[in-house]
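**Q** Can you read through this structure? Questions will come right after.
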Amino acid sequence: MRLSRTGLLACLFALTTAWSAVPTPESHFGHRMGEDRKLISWDKVVSYFQALEKSSNRILVRELGKSTMGRPFIAAWISSPETLRQLDRYQQIQKRLADPRQTTEAQAAKLITEGKMVVMITCSIHSTEVGSTHTAVEFAHRILTEESTRNKAILENVIFILVPSLNPDGVDIVRNWYSKTLGTPFEGTSPPELYQKYVGHDNNRDWYIFSQVETRLTVEKLHNVWHPQIVYDVHQQGATASRIFIPPWMDPIEPNIDPLLAQMCNFIGLGMATDLTAAGKKGIAVNASYDFWTPGRHYQAYHGGIRILSESASAKLATPVNIKPEQISETAPGYNPRQRSWNHLEPWGGGEWRLRDIVDYQLLAWESCLFQAAVRREDMLRNFYIIGQRAVGRTTPSAFVIPFAQQDPGSARKLLDTLAYGLVEVDKGPDAYLIRMQQPYSSYAKALLEKQEYPDLRQYPGGPPKRPYDVTAHTLPLLMGVDVRPTIAYAGPWARAAELRFPSKPLAAGDSDTWKQVNRIWAGGASVWRDPATGDFAAKAGPGLVEKKRPRIGLYRSHIPVMDEGWTRWILEQFGFRYTSLQNADIIGGKLNERYDVIVFPDQSPSTIHNGYRPGVMPAEFTGGLGDAGAQALVEFARVGGTLVFLNDSTDYATGHLGVPLRNVVSGVPSRDFYCPGSLLNVTLDTKHPLTRGLPAGIAIWSEGSAAWEIPEGSSARSIARYPGSGVLASGWLLGERYVAGHSALVDAPMGRGRMVLFGMRPQYRAQSYQAMKLLFNAFVL
């Protein structure tokens, strides 16, 4: 059908009117995105995306649930109107391509010609990295209104899922602090609280334990439903190195990531770098700083999709910075930010750097990623299917077996629940569960169930180690104390498990769930008794049982935000422990024994505990630490019967400020000789001590820059966990085993009528170390 000139003009007028009806960011927020000293609130972001949906047929916006603190958690689907009308159809195509067992190659070939690339871009999981939420607002407006060739290709070939923030609470926490300090000497500082209520910056390490609400919403309602071929997570980094990092990643690449997937990361990342360079942007680094190792950051890479990361240089939130040439770093992992190299071809020479610069770089990077997905749609859909074929064809091992008989039934259930949440299929037999490797997400299961052998990477031969970007181990059976066995043969009968449960004994000391039950009894006002020999609990008195009162727990919370404090809070709440957050003034005021039985110090440096923020760094009400008065109050608390518990780095506070006479044998040892950047290490427990009730004689603990102690002769301190003489490493990377062999990782140090318990480990590490967690819980009821 041909339109007359009048009809054509009428259509053009209608289209122009529709575009003009789409609100601009400036009209909604009152300023351009990325404007100096302007941050946006979450309610305005949500209302803007809702306004976009009302004014354009190219976008759908849905609330997926509520954030930790009750804010709407939203996502937007952007594509052509025809595609959006058929989202259910394209979702089914994704599902079929994701599982080659259900789709023949002939069927897949047809689906590939019909399907769309699904690309998900996620923003501001780290809320001081403010740029990407601003970019999300402007990019959404551009793609809905600008009729460029690239936009047309994207809308026609891609289903673009945009998550304007993975941490809505943090958007407001940071904005509110910035507004409060704007125009003061503290403008551009980070807030004196975690910007995610419980885990702060570690919300980017939650992608296999799924502890936080935001993680679960994203995985359950986006990743696992839409199976995106690309997930692009947008971050910021420090101000004095490259202007932006984009993959290829540095070594090491985790061995369960499919090589084809890694190669696609390489070409998409290099394509983005090319487009940024073509636009005249400098300071682009690739194959630098960030590795491709832990599934705690790379969920989609174990589910058939590419995980792209960009890290833009930061300003001081929305306040510009001026970087002098001499302030630019001379060294960074994998490149020199001052020099030209193959992976950093045009260094940025310094100057003013603004939030708007971050937005400009990100706008180009986003468009490049989406456009490449559009033009290589069929190739990438075919590769997505091939990666699934390779996963279901895995033969070594054939499966993992998890026997019903477990030391810790609650922890074993948690392990299987975690795998199942990540779409791993679990079968059930007469006396065990089975996880076959012939399934689409076997890479994910295998990565979490096997031991890691992190390569010995050095800065130069014989030199210091290359620091991993995060940690080196993620073996859930060791972290959780679960018996898991690889196998090459598994006789039936097996059937898909309808529920995941393990036989358990009520209130058994070895069962993690026991602590939840005990806390429920206490919360109901009833009493609890414990067998001092076995550690088992009972709900009524009996021969030889000792009554245990509900512990009054204080958890130290300094003005300097500490992620481990947040993780500890989260764990205490999940298990039902009653606690109070203690700040400096609460401790310095003394009379602690009237209110608390136990005081816990999270993994935190001794200087931040003793000194806190220096005057002039933050407003006066947030400066200072415990000082000498606080130390004296803590010593007195222990002397009259209290228990002080120190986790990992805070143990140095106990030895340096509270008089615990232990020598850390790895203190001051150069990293080329001793290095443990986040690994699982074997220890032997003193099973006669009440701290070890419910635990076997040998376990693996989480060590991350942790102390190992020599106890002086004649000391009343007692070693509760000791490293073996050899074979210390259980999973990950350890240099210099000889330095810790035979030394202590957990010490009970009496002081007066009380004690100090020093954990040279993180016993509640990122809500994963369920086995060692029982050591911490036992410390509450000594």
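The values are calculated or read from the model by the stated rules, or taken from the named source; none is laboratory data. Computed from a predicted model, the values in this text were never measured in an experiment. Counting neighbours? That spans all protein chains shown, and the Cβs are built from the backbone with ideal geometry, glycine included. Note: areas computed on protein heavy atoms with side chains; ligands, DNA, RNA excluded. Shrake-Rupley method; radii C 1.70, N 1.55, O 1.52, S 1.80 Å.
**Q** Work out, step by step, the length gained on full extension between residue 669 and residue 585: first 0.36 nm times the residue separation, then minus their alpha carbon distance; give nm to one decimal.
**A** Answer, rounded to one decimal: 26.7 nm.
**Q** Working out 0.36 nm times the residue gap between residue 326 and residue 106, then minus their Cα-Cα distance, what length gain in nm do you get to one decimal?
**A** Values: separation 220, 0.36 × 220 = 79.20 nm, distance 5.98 nm.
Gain on stretching residue 326 to residue 106: 73.2 nm.
**Q** On the accessible surface of the range 382-464, probed at 1.4 Å, how many percent belong to carbon and sulfur atoms? Numbers along the way, then the final one.
**A** On the way: 1560 of 3070 Å².
That share works out to 51 percent.
**Q** Another question about this same structure. Roughly to the nearest percent, how much of the accessible area of the range 202-256 is carbon and sulfur, given a 1.4 Å probe? Before the final figure, lay out the partial values.
**A** Numbers: 620 of 1160 Å².
Ligands and nucleic acids excluded, carbon and sulfur reach 53 percent.
**Q** To the nearest whole percent, what portion of all C-alpha pairs in the range 16-120 is separated by more than 16 angstrom?
**A** That tail contains 69 percent of the Cα-Cα pairs.
**Q** Antiparallel DSSP bridges in the chain: what percent, to the nearest 5?
**A** Roughly 60 percent of the beta bridges in the chain run antiparallel, per DSSP.
**Q** Within a Cβ distance under 15 Å of residue 145, other residues only, what is the Lys/Arg minus Asp/Glu net charge?
**A** With Lys, Arg at +1 and Asp, Glu at -1, the net is -1.
**Q** Where the centre of each part is set by its Cα atoms, how far does the range 599-616 sit from the range 228-278, in angstrom?
**A** Distance between centres, Cα-based: 36 Å.
**Q** Using a probe radius of 1.4 Å on heavy atoms only, what accessible surface per residue do you get for the range 185-250? Whole Å² is fine.
**A** For the range 185-250, the per-residue accessible area is 23 Å².
**Q** Students often get this wrong: which residues of the range 275-305 have the backbone nitrogen under 20 Å from the point 7 angstrom along Cα-to-C-beta of residue 150?
**A** Answer for the range 275-305: 275-286.
**Q** At 0.36 nm per residue, and after removing the present C-alpha to C-alpha distance, how many nm does the segment from residue 179 to residue 66 gain when stretched out fully?
**A** 38.2 nm is the gain from fully extending residue 179 to residue 66.
**Q** Now for a separate question. Determine Rg/Rh for the range 610-704; Rg is computed over alpha-carbon atoms and Rh is the Kirkwood hydrodynamic estimate from the same atoms.
**A** 1.05
**Q** Excluding residue 639 itself, what net charge comes from residues whose Cβ is under 14 Å from its Cβ, given Lys and Arg +1 and Asp and Glu -1?
**A** Here the charged neighbours net out to +2.
**Q** Suppose accessible area is computed on protein heavy atoms with a 1.4 Å probe; arrange 713, 330, 114 from highest to lowest.
**A** 713, 330, 114
**Q** Another one. Which whole DSSP H helices in the chain pass both tests: a Cα extent of 27 Å or more along the axis and a mean Kyte-Doolittle value no lower than 0.0?
**A** The answer, listed by residue number, is 259-278, 355-375.
**Q** Accessible surface of residue 739 in the full protein assembly, 1.4 angstrom probe, to the nearest 10 Å²?
**A** Counting only protein heavy atoms, the figure is 50 Å².
**Q** Sorting check: for 610-620, 538-548, which peptide has the highest mean count of neighbouring beta carbons within 10 Å, and how do the rest follow?
**A** Values: 610-620: 14.9, 538-548: 11.7.
Listed from highest to lowest mean packing, they are 610-620, 538-548.
**Q** A follow-up question, please. Step through the residues of the range 734-743 one at a time and calculate ³J(HN,Hα) from phi using the Karplus curve (6.51 cos²θ - 1.76 cosθ + 1.60, θ = phi - 60°), rounding each to whole Hz and writing x for Gly and Pro.
**A** So the J values, rounded to whole Hz, are 9, 10, x, 3, 4, 5, 9, 3, x, 9.
**Q** While we're on this one: Given the pairs 316/414; 54/197; 152/221; 180/324; 66/95, which are separated by over 30 angstrom at their Cα positions?
**A** Among 316/414; 54/197; 152/221; 180/324; 66/95, the Cα-Cα distance tops 30 Å for 316/414; 54/197.
**Q** Turning to a different aspect of this structure: What part of the accessible area of the range 687-782, given as a whole %, is carbon or sulfur when the probe is 1.4 angstrom?
**A** 45
**Q** Same structure, new question: Please give the net charge around residue 726, taking every other residue with its beta carbon less than 14 angstrom from that of residue 726, where Lys and Arg add +1 and Asp and Glu add -1.
**A** Spelling it out: positives minus negatives among the neighbours equals +1.
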